[in-house]
Amino acid sequence: MDKIPQVLKMMIEYNAPDLRRINHALKVYGFAKYIAEGENLNEFEKQIIEASAILHDIGIHEAEKRFNSSAGIYQEKLGPQVALPILEKAGFNKEEIEKITYIIAHHHTYNIKDNKLLRIIIEADLIVNIDEGEFGVKADFSSIKNQNFTTETGKSLFDKLILGK
């Protein structure tokens, strides 16, 4: 049974009525899925990517409650414990949960370059964050790409959508 529809449903229920956060997760999910397809990942890896994308910011409400902040460091710290019961209820096994919660716990840690699944989530999240105005209009988008994008599909998508190439 496909676990992703369950994760989507639970993410929406958890975040409701915060449509902004739900939409953000759905956009990251869409771009991450696109990048994963372009990178020819296997089905196991695609499922890890999809669940991670859907839940990457799941700790944000808890961060706002505890720290009065939505900063990435707090999302990374609190997200895995919020995601855990969702993943267990959806039927993920221990190995899958470890991989997904690792990605959630590091999706703002841009200097980790050797984890392709993490890189895909970071790339998808950066594209959406730029689109949502998180970097402002004067940001050096070429530098953002050069410093943070490692997948060929992510680089190509960034060129088309952000740099207009």
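Quick one: which helices (runs of 4 or more DSSP H) sit completely within region 1-56 and have at least 3 residues that are closer than 14 Å to ILE100 by Cα and in contact with a Phe, Trp or Tyr (Cβ under 8 Å, 6 or more places away or on another chain)?
43-55
For region 3-24, does any single residue satisfy the condition of being among the small types (Gly, Ala, Ser), within 26 Å of GLU134 (Cα to Cα) and crowded, with 17+ Cβ neighbours inside 10 Å?
No, region 3-24 contains no residue that is among the small types (Gly, Ala, Ser), within 26 Å of GLU134 (Cα to Cα) and crowded, with 17+ Cβ neighbours inside 10 Å.
Of all residues in region 1-36, count the ones that are of a type in the set (D, E, K, R) and touching a residue at least 60 places away in the same chain (Cβ under 8 Å).
Number satisfying all stated conditions: 2.
What are the pairs with Cβ atoms under 8 angstrom where one residue, in region 66-85, is within 20 Å of LYS99 (Cβ to Cβ) and the other, located anywhere, is among the acidic types (Asp, Glu) and not in a helix (DSSP H, G or I)? Sequence gap at least six, or different chains.
From residues that are within 20 Å of LYS99 (Cβ to Cβ), the pairs are GLN75/ASP57; GLY79/ASP57.
Tell me, yes or no, whether region 33-45 has at least one residue that is surrounded by fewer than 19 Cβ atoms within 10 Å (Cβ to Cβ), more than 23 Å from PHE149 (Cα to Cα) and polar (S, T, N, Q).
Looking for residues that are surrounded by fewer than 19 Cβ atoms within 10 Å (Cβ to Cβ), more than 23 Å from PHE149 (Cα to Cα) and polar (S, T, N, Q), one finds none in region 33-45, hence no.
Here is a list of conditions, (1) of a type outside the set (A, V, I, L, M); (2) touching a residue at least 24 places away in the same chain (Cβ under 8 Å); (3) over 17 Å from ILE122 (Cα atoms), and GLU88 meets all of them except one; can you say which number that is?
Condition not satisfied by GLU88: (2).
Computed from the coordinates by the stated procedures, all read-outs in this text should not be read as laboratory data. Bear in mind that the values here come from a model prediction, so they are computed numbers and not experimental data. Methodologically, a virtual Cβ is constructed for each residue, glycine included, from the backbone with ideal geometry; neighbour enumeration extends over all protein chains shown.
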